[in-house]
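One structure is given here, and the rest of the page talks about it.
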């Protein structure tokens, strides 16, 4: 039997009043036509009574709008499905305990920001000793050997290093997502693993502000972590998955 | 008068330490050349263009010498013999090398070339162009109204130079004073400079001479419209530093990102290669009145901004000394730092203000480059706007010079036109509202701000002392900056470094240095 339906709208100050805000630019000079055009866009999005509360010129032939209105759409909360990493998130201490209990030697993580992507902020946040936002990175974890290869690492080099270090887990960070460059790059790495018959040898995890678990699964990765995920999230998933895989078991 | 009561002796001692640190490095630099330094010299002899595979002619020549002869004698050795024998210009010789009608290898065994003079007119041609650009820039800046507040700097990064122009012009009309065209991701690791106008890049646009020219022209036009000179910035970093400066000098770029350590730490470019390359780049920048921007802000995106503030200062002293060694005036040294502390930290604003005032006080003549929050920008654009506002207040109050505006959509996407416009409005508001605020306040001599600045200075001094003891090469191996460790013979580009042969001759670097000296004495 299906669950009971539960329809909601966005909330301003009264339940289901459907209030939303949006802002955007138009390739139109700042004038009455621009403002009316902005309203038309809102109407087409299903926003009733759109109010252009602010508008300003940006340049010759470009203008900016902030619009408030009432959205007609509603969503059944009980029909919403999400793809999430199916493992229990453990704290660093819990992870260390888990590692000690279940594995006979350290688990090796090799990570990099790959392809042309030079941004290491993501991989550093997960791997470096210091971590991010008060959450220590994998280097600090007892029972984990973390090797951060840095930025602009070619997929081929990443694989080579993963083999050289006998990695159990490969972490790939992607920050630049303009024109979907990350999709091509991530696809290429999975193809490389498959071509070398090595896909099952590693747990392969991707991360980045624009990455999520659904995308990771779609591309053939084991897991994906987006923003607000820290080293303990990644470690928790990886070590539980390794236990299931029976790697380095006690 | 010192607002922060910083100990002048410690500051002087830091400078002395930085100077000592670089003695060995400079002696290494003087004895070596690199592929890109050689290519930059060819560019400064008016060699331009690409072959049928889009390989720049300067690369064709240098590769030809590398493969068939000995690059350690320097390109000028071969080229001067060829010019003598064929009575052709360097460009004509380059074209004949491409067609395999001239083989430079035959000059390899010749004695030290007596024909370098034959190349001087071609170099002088380029120098005339650069001199004209310097005059044009100075004349337009002289007509621009002077202002005391920081110059508002924004980036464009669409990947398409024509779209970049649209974005840049719109930003200028909204008040931007400096436009930087971010390079496509990955260009720093290319050992050649791409050619022609480009419309495809990721997270940025290829730095090519044609793109420089297009953007310069657009900015000149809009400069006239808004009646103030708008500066153009690109990146002289990576494996082609000196060549990019050569192109930038010819096309009148006004600033170049150019750090003596950044490529080593963040791009894993070999340190020897970087040191040699940055020297040539800086001499040429110094001659061409190009302001360099150093990259210390990056240390704080990788390591913690509160704990590692002293590494920024120590690196600024080192960058300053590298620039001095290249004959650069302080007015061209855009030393970098950043507002990157965790917003959760109590009194973070005070510490940021302390460090910004400290940098201003220690480098009073440098056009300091102040970078906005990036590491702790979350996607919450509303909070981001406030973070940027605090950064803007510190920048105006402590009289930073080059003020790179934070974008509320940092960590989400490369800026939309509206993001940039909102950032410019925010910065202009704070610039007006806080215009003379810095003059009105003084700091509690026993307070947190003064103590923080003194502490960071002392820590930097301790670090520089250690670097002096260990040597810069070893210090970099130990990962003192940004917690990144690099080995002396690791990284990319070492195979492009050559010890200068006994017959190596140069007249380009020496004549740039000489002309600068003469200019000073005038």
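FYI, it's all coordinate maths here, none of it is from the lab. What you are looking at is a predicted structure, and each value in this text was computed from that prediction instead of being measured. Glycine also receives a Cβ, built like all others from the backbone with ideal geometry; neighbour counts cover every protein chain displayed.
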For chain A, with a Gaussian network of springs between Cα atoms less than 10 Å apart, report the residue from A:174, A:188, A:40 with the top mean-square fluctuation. A:40
Please work out the Cα convex hull volume for segment B:1-147 and give it in Å³ per residue. 203
At 37 °C in a medium of viscosity 0.692 mPa s, the protein assembly as shown has a Stokes-Einstein diffusion coefficient, with Rh taken as the Kirkwood radius over alpha carbon pairs, in µm² per second, of 116
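One-quarter of the Cα convex hull surface for segment B:145-451, in nm²?
For segment B:145-451, the mean projected area of the Cα convex hull comes to 14.5 nm².
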Per-residue Cβ counts within 10 Å, from other chains only, averaged over B:416-426: what number is that? 4
Per-residue [θ]222 nm for chain A (sum of -39500 (n - 2.57) over DSSP H runs n ≥ 4, rounded to 500): -9500 deg cm²/dmol
Semi-axes in Å, largest first, for segment A:7-77 (Cα gyration tensor, √(5λ)) are 27, 10, 9
Please check: in the Gaussian network model of chain A (C-alpha springs, under 10 Å), which one of A:24, A:109, A:202 has the largest mean-square fluctuation. A:24
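Arrange the following residues from fewest to most other Cβ atoms within 10 Å of their Cβ: B:458, B:361, B:128.
Sorted ascending by nearby Cβ count, the order is B:128, B:458, B:361.
Would you tell me the mean number of C-beta atoms belonging to other protein chains that fall within 10 Å of each C-beta in B:201-209, as a whole number?
Mean partner shielding for this stretch: 3.
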Per 10 Å bin, what is the whole-percent P(r) computed from every C-alpha pair distance within segment A:98-250? 12, 46, 36, 6, 0
Quick one: what do you get for segment B:300-374 if you divide its Cα Rg by 2.2 N^0.38 Å? 1.13
When DSSP assigns beta bridges and you keep just the ones with both residues in chain B, what percent turn out antiparallel, to the nearest 5? 15
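Restricting the count to DSSP beta bridges whose residues both fall in segment A:92-245, what percent are antiparallel, rounded to a multiple of 5?
Of the beta bridges lying entirely in segment A:92-245, close to 5 percent run antiparallel.
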Ranked highest first by average number of other Cβ atoms within 10 Å, how do A:228-234, B:238-244, A:195-201, B:417-423 line up? B:238-244, B:417-423, A:228-234, A:195-201
In Å, the Kirkwood estimate of hydrodynamic radius for chain B over Cα pairs equals 23.7
Distance from the Cα centre of segment B:139-207 to that of segment A:157-204, in angstrom? 33
Using alpha-carbon positions, what is the distance between the centroids of segment B:383-432 and segment B:1-43, in Å? 32
Computed helical MRE - 222 nm, chain B, DSSP H runs ≥ 4 contributing -39500 (n - 2.57), nearest 500: -16500 deg cm²/dmol
Please order B:228, B:252 by the number of other Cβ within 10 Å, starting at the fewest. B:228, B:252
Of all DSSP beta bridges located in the protein assembly as shown, what percent are antiparallel, nearest 5? 35
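Let me have the relative contact order for chain B, percent, based on Cα pairs under 8 Å that are six or more residues apart.
In percent, rounded to a whole number, it is 20.
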Distance from the Cα centre of segment B:297-326 to that of segment A:37-52, in angstrom? 50
According to the square roots a ≥ b ≥ c of the eigenvalues of the Cα gyration tensor, what is the shape class of segment A:113-159, taking rounded for a/c under 1.5, prolate for a/b larger than b/c otherwise, and oblate for the remainder? oblate
Residues B:414, B:462 arranged by fewest to most Cβ contacts within 10 Å: B:462, B:414
